[in-house]
Amino acid sequence: MNWTLALPEILLAVSGLVILLSCVIPKQDTAYAGSMAVIGALLGAAVLVMMQDEGTAFSGQYIADPFGRFMKLLCLAGAAATLLLAIDFNEREKLARFEFPLLALFATTGMMVMISANDLMAVYIGLELLSLPLYVIAAFNRDNGRSAEAGLKYFVLGALASGLLLYGTSLVYGFAGSTNFDKLALAFAPGQPVSAGVVVGLVFVIAGLAFKASAVPFHMWTPDVYEGAPTPVTAFFAAAPKVAAIALIVRVLTGPFADLSDQWQQVLLLVSAASMLLGSFAAIGQRNIKRLMAYSSIGHVGYALMGLAVDTDVGVRGVLVYMAIYLIMNVGTFAVLVSMRRQGKAVELIDDLAGLGKTHPGTAMWMAIFMFSMAGVPPLAGFFGKLYVFLAAMQAGYLWLALIGVGTSVIGGYYYLRVIKVMYFDSTEEPLDAPTPGVGLVMAGSGLFNVLFILWPAPLIGAAQLAVAALVG
Amino acid sequence: MNPGFPLLSLLTFLPLVGAAIILSVRGEEKVVAQNARWTALWTSLIVFLLSLALWFGFDKSSADFQFTEEVDWLPDFGIGYHMGVDGLSVLFVLLSTALTPLCILASWESIGTRVREYMISFLVLETMMVGMFCALDLVLFYVFFEGVLIPMFLIIGVWGGPRRVYAAMKFFLYTLAGSVLMLLAILWLWYNAGTTDIPELFAYEVPRAVQTWLFFAFLASFAVKVPMWPVHTWLPDAHVEAPTAGSVILAGVLLKMGAYGFLRFSLPLLPFASAEYAPLIFTLSVVAVIYTSLVALAQQDMKKLIAYSSVAHMGIVTLGIFTFTPQGLSGAIFTMLAHGVVSGALFLCVGVVYDRVHSREIARYGGVAKVMPGYAVLFMLFTMASVGLPGTANFVGEFLVIIAAWKVNPWVAAGGASGMILGACYMLYLYRRVIFGKLEKPDLKVLLDLSPREYVVFAPLVVLTIWMGIYPSSFLSFFEASVAALLARHEAALNVAKLAGM
């Protein structure tokens with residue numbers, strides 16, 4: 001029994017319990033200490049992930065490989081950065097309670113389990129461990145009607161998605177006789193007859209996972225939850241869980257179901273194209289910037305899934321590179337959104353950004369960089385993310401998908417530009433407050449990555465290459 | 001210049017250093033503004049002086065790429081950082097580096113708000129322009145080609161006129177929509193040829209069936225940028241709303257990117273499609289020349305008039321390129337350079353009176369010659385140059401293009417030549433309404449003639465205009481070898497196919 005492989009997850013779970021106990025007992029406010037402890041635990045887990053050996057554990061339920069390492073590091077970094085953003089915001093909004101970082105910690109543990117899952121059972125456990133804390137923190141601002149609504153909506157729809165996933169899992173188990181990925185891969189090896197039950201089960205599994213990644217047509221919860229939840233929670237939702245969900249989709253489809261690609265490829269092509277189209281068109285009319293980011297994230301998932309849909313190694317590498325760049329752009333953007341407050345009160349309309357170019361040139365510059373990057377304008381990092389998935393699509397002969405991709409990125413260009421327009425071309429009477437140093441640090445770090453990625457792209461692409469090699473063998 | 005010295009990279013990225021210095025300046029707004037102006041001016045002047053090394057060090061007898069630099073960038077993908085210039089591009093690099101300091105000088109007083117950001121935008125813009133003309137890798141080229149949009153979008157949108165938001169958005173989205181199709185073409189070339197290195201790609205033969213598709217993908221991007229009729233509509237808006245210096249760069253350099261793209265990619269990489277669709281380009285070009293000239297005649301706004309005249313002149317350029325003759329290509333390149341100087345100067349002329357009266361409406365003016373004689377003389381010179389008077393810059397290029405077009409098809413030549421006649425109509429009509437006539441409006445009577453700073457801005461443009469008109473061969477000699485090599489390769493590609501009986 002090689003349980004040491006799962007040390008990162010074990011560390012997170014144990015430190016979660018320890019932090020919980022030590023925060024409950026003292027009488028005074030422990031929110032700040034709790035946040036710091038959680039960030040520390042996340043960093044510790046990241047170190048362990050980097051030192052992790054490769055192999056499987058827990059009777060094949062758990063796998064540690066370079067792909068998992070790549071994705072886990074992304075998730076941990078995303079979670080830590082968004083927690084850093086939350087500290088100050090929660091304090092000002094009187095939301096500072098130690099439960100918030102703890103729930104985020106447990107959700108992160110769930111993500112790690114998902115990424116390392118090598119069995120449909122482990123997938124389900126990880127997914128639920130991720131989802132339950134997310135339902136709670138969506139409604140974390142419990143006195144606010146919108147936040148409560150967001151939590152409830154997410155819970156009801158999320159439960160439905162979990163049900164779909166479970167139903168799909170049971171169908172696959174019933175027809176293939178196992179839930180273990182390695183055994184499933186053998187059962188579906190080329191030459192074996194594919195029963196309709198497996199295909200139906202596979203579609204249900206994809207539906208359940210697509211819900212977590214908020215891909216069309218399972219995206220309906222995204223705008224409402226993003227808008228209703230407190231901004232740091234939205235930042236958390238948009239970053240780490242999305243990466244984990246995409247990682248899981250990649251692992252499931254290129255692992256046990258790799259030889260069934262005839263069956264799932266059309267589904268993914270459709271999901272990818274529909275996500276890109278909806279993400280770009282529906283965002284045009286939005287006035288709330290969090291809603292805008294929700295649609296934008298739907299669109300980005302569409303681009304990322306394009307790489308998987310074309311079913312090539314280059315494509316999967318494109319997915320990984322895309323998700324890494326997406327995560328960093330997104331954290332930076334939300335750093336700006338978190339710092340949007342006027343006379344101490346949080347605001348979240350696009351028009352509230354008016355005149356930012358004059359009042360806070362630094363913040364406005366970073367935000368402009370993030371928006372141009374999300375729109376995919378070179379020389380910023382976002383362009384390279386798109387470049388790799390488009391290349392994969394062209395290479396695999398899916399010109400129509402690449403055409404939809406470039407078309408929607410022009411439409412997307414419009415609404416990202418609108419944000420820049422509001423910041424630089426409009427003027428305002430009431431300036432926003434200055435961002436706090438911690439938030440400014442996250443902004444600058446993420447912004448510099450976006451600007452400088454062009455100079456030294458090799459490490460990220462090399463790491464992604466390594467991860468893909470491990471995945472497809 | 002010793003070999004191995006990264007001159008082109010220095011030219012490309014030195015402006016960014018200047019921008020970083022400006023960005024780091026803190027203090028009172030006035031001081032920062034003044035600092036930004038001087039830093040930007042010095043940076044651009046140093047870049048210009050360095051770029052003179054290209055003028056003196058360039059080997060005119062060779063059609064090869066010179067001053068090349070090569071560094072691995074993304075070895076897994078076969079993408080390298082590859083820079084170099086040949087005869088087709090070297091003068092455009094010089095044009096970019098020469099116009100930038102003039103633009104900064106021209107914005108010295110007219111830009112009063114957010115000077116720091118303005119100067120940073122201009123320096124970033126210079127980096128992108130120079131980089132684009134030097135790039136010898138398709139992906140690198142695309143990065144610079146698109147990167148130009150960011151600073152230009154901000155320049156139009158922040159410091160522009162009343163409808164600046166509309167103009168900036170239109171400019172950005174039009175150009176982006178065109179260039180993403182080019183991106184797909186680049187991706188196709190990338191994975192089929194296995195490289196994005198431009199000199200290596202010249203050796204790759206694109207299958208004939210695909211050439212048409214790639215040609216139209218490139219055309220979508222370049223036609224918007226040139227701009228060719230009927231996708232020119234973003235240009236008048238962008239020109240009218242942009243600040244003076246923005247218009248100068250737009251007309252002087254950005255419009256040349258599209259035509260340069262035809263020369264660099266469409267002709268050498270896609271010889272069949274280029275030959276096959278030349279009639280289409282001729283038609284669009286002739287329509288552009290005649291139609292936009294007529295539209296220019298009806299304009300009430302000075303900048304709009306000159307913007308439409310730019311479309312007409314660029315029509316001559318595309319006409320020349322697709323004649324596939326040495327005269328046509330040389331004429332086209334020469335017209336591009338001349339147009340860069342002359343229309344840039346014309347926009348500066350409009351800027352001079354706009355700074356004083358704050359109106360671009362032609363009817364607001366009249367009789368300006370009486371109070372601004374020096375200005376009237378300069379405006380006269382550039383008007384004549386724009387019309388194509390012999391002895392000025394535009395004449396040489398347009399004349400060569402018309403000769404080349406005559407060889408291909410007299411009707412096309414007649415269409416192109418009619419543009420020169422119409423050009424005389426609208427430019428002289430503009431000049432008469434602004435400069436001559438009775439000086440009646442009270443606020444015009446107190447106008448001051450050009451300031452020493454404005455003379456400094458105009459002086460190099462005057463010299464260039466006359467130099468190019470009187471002794472064109474000092475410019476033509478730069479690209480003769482490259483044009484000949486390009487055409488030889490084009491002929492060879494077509495002949496091989498003929499021999500193979502296709």
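We did not get these values from a lab; they are worked out from the coordinates using the rules stated. This one's a predicted model, so the numbers in the text were calculated from it and none came from an experiment. In this analysis, Cβ positions are derived from the backbone assuming ideal geometry, glycine residues included, and neighbour counts consider all displayed protein chains.
For this structure, a couple of remarks:
- Computed helical MRE - 222 nm, the protein assembly as shown, DSSP H runs ≥ 4 contributing -39500 (n - 2.57), nearest 500: -25000 deg cm²/dmol
- Measuring nothing but how far apart in sequence close Cα pairs (under 8 Å, 6+ apart) lie, relative to its length, segment B:225-356 scores a relative contact order of 34 percent.
- The residues A:L20, A:L85, A:L43, when put in order of fewest to most other Cβ atoms within 10 Å, stand as A:L43, A:L20, A:L85.
- Remark: the Cα gyration tensor places chain B in the oblate category, a/c being 1.5 or greater and a/b not exceeding b/c.
- A protection proxy built from the mean count of other Cβ atoms within 10 Å ranks the segments B:404-410, A:230-236, B:377-383, most packed first, as A:230-236, B:377-383, B:404-410.
- Chain A: relative contact order as a whole-number percent, Cα under 8 Å and 6+ apart: 15
- Here's the list of aspartates and glutamates a cross-link from B:K30 could span, going by alpha-carbon distance under 17 Å and ignoring same-chain residues fewer than 8 apart: B:E109, B:E117.
- Take every pair of alpha-carbon atoms less than 8 Å apart whose residues are at least six positions apart; their mean separation over the length of segment A:194-333 yields a relative contact order of 28 percent.
- Only aspartates and glutamates eight or more places from B:K441 in sequence, or on another chain, were considered; those with a Cα closer than 14 Å are B:E361.
- Taken along the Cα-to-beta-carbon direction at a fixed 7 Å, the label points for B:F216 and A:M220 span 4.0 nm.
- Taking A:K358, A:K290, A:K94 and counting other C-beta atoms within 10 Å, the order from fewest to most: A:K94, A:K358, A:K290
- Positive end of the dipole of segment B:422-486 (Cβ unit charges, origin at the Cα centre): among B:L448, B:P460, B:F475, the Cα lying farthest that way belongs to B:L448.
- Averaged over the residues of B:181-188, the number of partner chain Cβ atoms lying within 10 Å of the residue Cβ comes to 6.
- Taking the average, over residues, of other Cβ atoms within 10 Å as the packing measure, peptides A:367-380, B:58-71 rank A:367-380, B:58-71 from highest down.
- Cross-link pairs B:K170/B:K304; A:K358/A:K386; A:K358/A:K421; B:K170/B:K256 - those with Cα-Cα distance over 23 Å: A:K358/A:K386
- Between B:L294 and B:A488, the C-beta separation translates, for a Förster distance of 30 Å, into a calculated FRET efficiency of about 0.20.
- C-alpha center-to-center spacing [segment A:207-280, segment A:14-35] in angstrom: 33
- Whichever aspartates and glutamates have a C-alpha closer than 19 Å to that of B:K225, once near sequence neighbours (fewer than 8 apart) are set aside: B:E126, B:E146, B:D237, B:E241
- Inter-chain Cβ neighbour count for B:154-163, averaged per residue, equals 2 (cutoff 10 Å, partner chain atoms only).
- Put simply, the amide H of B:D137, placed in the peptide plane, has neighbours under 5 Å in B:H82, B:I198, leaving out anything fewer than 5 places away on its chain.
- Exposure proxy order (Cβ contacts within 10 Å, fewest to most) of B:E28, A:E93, A:E9, B:E276: B:E28, B:E276, A:E93, A:E9
- Positive-end extreme of charge dipole, the protein assembly as shown - chosen from A:A434, B:V165, A:V203 (charges on Cβ): B:V165
- Only Lys, Arg, Asp and Glu carry charge here, each on its Cβ (+1 for the first two, -1 for the last two); on that basis the protein assembly as shown has a dipole of about 2240 debye about its Cα centre.
- In terms of the mean number of neighbouring beta-carbon atoms within 10 Å, the peptides A:308-321, A:172-185, A:449-462 order highest first as A:308-321, A:172-185, A:449-462.
- When the Cα positions of B:V317, B:T196, B:L136 are compared along the charge dipole of the protein assembly as shown, B:V317 comes out farthest toward the positive end, with charges on each C-beta of Lys, Arg, Asp and Glu.
- Anisotropy class of chain A from Cα gyration tensor, a/c 1.5 cut: oblate
- Rounded, prolate or oblate (a/c below 1.5 giving rounded, otherwise prolate when a/b exceeds b/c) for segment B:270-387 by Cα gyration tensor: prolate
- Between A:A434 and B:Q34, the FRET efficiency from the beta-carbon distance, with R0 = 30 Å, is close to 0.70.
- Counting, for every residue in B:140-149, the Cβ atoms of other protein chains within 10 Å of its Cβ and taking the mean gives 4.
- Projecting label points 7 angstrom from Cα along Cα→Cβ for A:E54 and A:S170 puts them 3.7 nm apart.
- Spacing of the two label points (7 Å from each Cα toward its C-beta) at A:V472 and B:T113, in nm: 5.3
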